[in-house]
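Structure, as structure tokens:
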Amino acid sequence: MSRQLALCERQSQIMEIVYSLGEVSIAQIQSRMPDQLSLSTLRTLLRNLKENGYLTSRQEGRQHIFSRTVPKQNVGLAELRRVLHVFFGGSMDQALASYTAETERQLGEVDLQKTRSSEDLVPFKYATNAQSAITMREKEVLRLLTEGHTTKNIADRLYISPRTVEAHRWNLTKKLGINSLAELTKYAIREQLTSYQ
């Protein structure tokens, strides 16, 4: 477990500021804290962090400048391992799949908003909902499906989980109003989304 886990919430907030900025003064830390913290409380927390080996400081004029004692990369790696263990069962694939799915969901919403607001964007011919738009990742999945790749093979190629591939396939069928792989293939050929002939 990383040393960060032993810190209280305030100390963790301070360490995040230090890791994010590198070298910081007390005033910089105080201005970036999520809520107001008295100067005496902040000084006590910083003294504790120094005494426990988390921070080092030097005098620069009238200011104390604080910096980390452990390289950022080391702490980042320890935190990444902790997050993977706690939230994703130690699986980097699961974490990436979750991150990718969330990013694509956000991108899909942005694409949908663009489609709604743009006059020159023409909706897909075969979509049951005229506002539907296929995301770039869905196009990739469609292309690979029509070229005969299995769900597992597509997942490996795109660094996503097989469940995410199936979710993309389901989204495609709903957006296009198509229920079979044969119809998806015909659509991909008509729209020139695949090299398959």
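Quick rundown of the values:
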{"item": "Selection from the stretch 131-181 of residues that are buried (at least 16 other Cβ atoms within 10 Å of the Cβ) and among the acidic types (Asp, Glu)", "result": "Glu138, Glu140"}
{"item": "Total residues in the stretch 182-195, condition loosely packed, with under 13 Cβ neighbours inside 10 Å and at negative phi", "result": "3"}
{"item": "Single residue of the stretch 159-177 satisfying the filter (in contact (Cβ under 8 Å) with a residue 24 or more places away in the chain, closer than 16 Å to Gln94 by Cβ and part of a helix (DSSP H, G or I)) that is nearest to the chain's Cα centre (by Cα)", "result": "Thr164"}
{"item": "Residues of the stretch 47-67 satisfying the condition of being under 19 Å from Leu7 (Cβ atoms) and either among the small types (Gly, Ala, Ser) or under 31 Å from the mean Cα position of the chain (by Cα) (or both)", "result": "Leu49, Gly53, Tyr54, Leu55, Ser57, Phe66, Ser67"}
{"item": "Out of Val24, Val70, sole residue that is outside the structural domain of Ser161 (by TED's automatic domain parsing), farther than 30 Å from Ala155 by Cβ and in contact (Cβ under 8 Å) with a residue 60 or more places away in the chain", "result": "Val70"}
{"item": "Which numbered condition Gln113 misses (of (1) farther than 30 Å from Glu16 by Cα; (2) at pLDDT 75 or above)", "result": "(2)"}
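The values are calculated or read from the model by the stated rules, or taken from the named source; none is laboratory data. Note that this is a predicted model, so its numbers are computed, not measured. Cβ sites come from the backbone with ideal geometry, for glycine too, and all protein chains shown count toward neighbours.
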